[in-house]
Amino acid sequence: MAFTRGPGTHSAPAAPTPTEGSADAGFARDMSVHHQQAVEMSFIVRDRTDNADVRRLAYDIANTQANQRGMMTGWLNLWGLPVNDADRLPMQWMGMGQEPSTDGALMPGMATTAQLSTLRKLSGRKAEILYLQLMTAHHKGGIHMAEGCVQLCKVGAEKKLAQGMVAAQQSEVQLMADLLKERGASATTGSTAGS
C-alpha cells in the first residue's frame, strides 16, 4: 500500500548535518567538558556540607548539566562526529581558540586543579563559599559559550538548548550571589566580608 501526501502537506527541508569544525560540534564538545566539571564540583560540595540550600543547588546543577551533557554527546554521535577532537583547541569554534592552561582550567570559568583539590579538603561553610565562588565563575564562562552558540550554531534544538542555558545559569548566578551574601562573602574567590 503506497502512502501519498495530502494537499498542502510538505516536509521542512532537513538541516544539514554539522561538520567536525562547525560551531554546533564545537559547542557540543566544549560545553560537555565544561558541564562535566560542574557536575564534579557539585558532587564534591554535596558531600562536604549539610546546608540544605547549597545541597539543593548542587543537586539541581549536577542533574541538569549531566542531562544536558548527555544530549550534546548524543547529538555528536547522531551526527557521526567524535565526542573529543584533539585537533581543535577549546573555544576555537567561536574564534577564541587558546591553549588550555597548565593549571587544569581548560576553558574560561573552569576551576583549576588546585581549586578542585582545595574544595575537596574543605567542609561546611568554607566548602559552601568556595563552591559558590567557583560555580559563579564557571557559570559566567558557560553563559559566554552558550551565547556564542545562540549566535553561531545552526541546529535549532541546540540553539534552543543554549538559550535555555543562558537564562537558567543567569538565574543561578543571582541565587549564588544571594547565598554568598548570606555567608558574608562575594563572588570573587578568596573574598569574605571583613577580610
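The values are calculated or read from the model by the stated rules, or taken from the named source; none is laboratory data. Treat the numbers as computed from the prediction; the structure is a model and nothing was measured. Cβ atoms come from the backbone with ideal geometry, glycine included; neighbour counts cover every protein chain shown. Surface accessibility is based on the protein's heavy atoms, side chains included, excluding ligands, DNA and RNA. Shrake-Rupley method; radii C 1.70, N 1.55, O 1.52, S 1.80 Å.
Go through segment 98-142 and give me each residue that's in contact with a Leu (Cβ under 8 Å, 6 or more places away or on another chain), in a loop (DSSP other than H, G, I, E, B) and either open to solvent by 40 Å² or more (accessible area, probe 1.4 Å) or touching a residue at least 60 places away in the same chain (Cβ under 8 Å) (or both).
Across segment 98-142, the qualifying residues are Q98, E99, P100, A111, L122.
Take the conditions open to solvent by less than 70 Å² (accessible area, probe 1.4 Å), in a loop (DSSP other than H, G, I, E, B) and touching a Gly at 6+ places or on another chain (Cβ under 9 Å) and apply them to P82. Does it pass?
No; evaluated as a whole, the condition is false for this residue.
Conditions first: (1) under 30 Å from P18 (Cα atoms); (2) assigned to a loop (DSSP other than H, G, I, E, B). G148 passes all but one, so which condition is the exception?
(2)
Would you be able to tell me the number of residues in segment 76-86 that are without any contact (Cβ under 8 Å) to a residue 12 or more places away in the chain and charged (D, E, K, R)?
First pass over segment 76-86, keeping only residues without any contact (Cβ under 8 Å) to a residue 12 or more places away in the chain: 77-78, 86.
Filter again for charged (D, E, K, R), leaving none.
Total meeting the criteria: 0.
Residue check, S123 against (1) of a type in the set (S, T, N, Q); (2) modelled with pLDDT of 95 or more; (3) under 18 Å from Q37 (Cα atoms), all met but one. Which one?
Against the list (1) of a type in the set (S, T, N, Q); (2) modelled with pLDDT of 95 or more; (3) under 18 Å from Q37 (Cα atoms), S123 comes up short only on (3).
Taking the stated definitions as given, is A66 over 20 Å from E172 (Cα atoms) and part of a helix (DSSP H, G or I)? Steps first, please.
Details: over 20 Å from E172 (Cα atoms): no; part of a helix (DSSP H, G or I): yes.
So A66 fails the test.
Listed here are the residues, each with its yes/no results for (1) at pLDDT below 95; (2) among the basic types (K, R); (3) in contact with a helix residue (DSSP H, G or I) (Cβ under 9 Å, 6 or more places away or on another chain).
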position	(1), (2), (3)
L132	no, no, yes
K140	no, yes, yes
M165	no, no, yes
A168	no, no, yes
S171	no, no, no
L175	no, no, yes
L179	no, no, yes
G190	yes, no, yes
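Could you please find all residues in segment 112-156 being of a type in the set (S, T, Y) and more than 20 Å from R183 (Cα to Cα)?
The answer is T112, T113, S117.
What number of residues within segment 43-54 are within 15 Å of L130 (Cβ to Cβ) and among the charged types (D, E, K, R)?
Of the residues in segment 43-54, 3 are within 15 Å of L130 (Cβ to Cβ) and among the charged types (D, E, K, R).
If a residue must be among the β-branched types (V, I, T) and open to solvent by less than 10 Å² (accessible area, probe 1.4 Å), how many such residues does segment 40-64 contain?
4
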